[in-house]
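Throughout, read-outs are computed from the coordinates displayed, never taken from laboratory work. What you see is a predicted model; the values in this text were computed from it and never measured. FYI the Cβ positions are ideal-geometry reconstructions off the backbone, even for glycines, and counts take in every protein chain you see.
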Amino acid sequence: MRCYAPILILCSIALCTATSFADSSAQSSNADPKPASVITGPIDESKLVTLTGNTTPAALSTKNDRGPVADSLRFDHLLLGLKPAPEAEARLEKLIDEMHRQGSQNFTTGSRRNN
């Protein structure tokens, strides 16, 4: 049987990181409202959802099926890409624009200081 706990843990970490980034970018500009929480309740492992369009055709081929794996199988090379909420994406784009606009509180020249 496959163990979904490592995948759920990675998803939770990614969501918390994305929410944390959204919080920090929102705090950089006082006019921005605080983003809505992405995780609205406890995680219920009995309500798993399969995301469509995320599996390569090679993985769906029966010739590549190697059968069930042990619950202790580790995913050493797992790449998880999550699409941000439209509000978070808009805040990020606004922050990037401000970083390029002279006179903005978030303006940066792009050069690094050597301390």
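Under a crude label model (7 Å from the Cα following the beta-carbon direction), how far is residue 39 from residue 75 in nanometres?
Label at residue 39, label at residue 75, 1.6 nm between them.
Would you list which lysines come within 29 Å of residue 94, measuring only between C-alpha atoms, while excluding same-chain residues fewer than 8 positions from it?
Partners found: 34, 83.
Search the structure for amide H atoms under 5 Å from the amide H of residue 38, placed 1.01 Å from N in the peptide plane, and list their residues when 5 or more places away or on another chain.
Placed amide hydrogens put nothing under 5 Å from residue 38.
Cα atoms only, region 53-115: Rg and Dmax in Å?
21.7, 60
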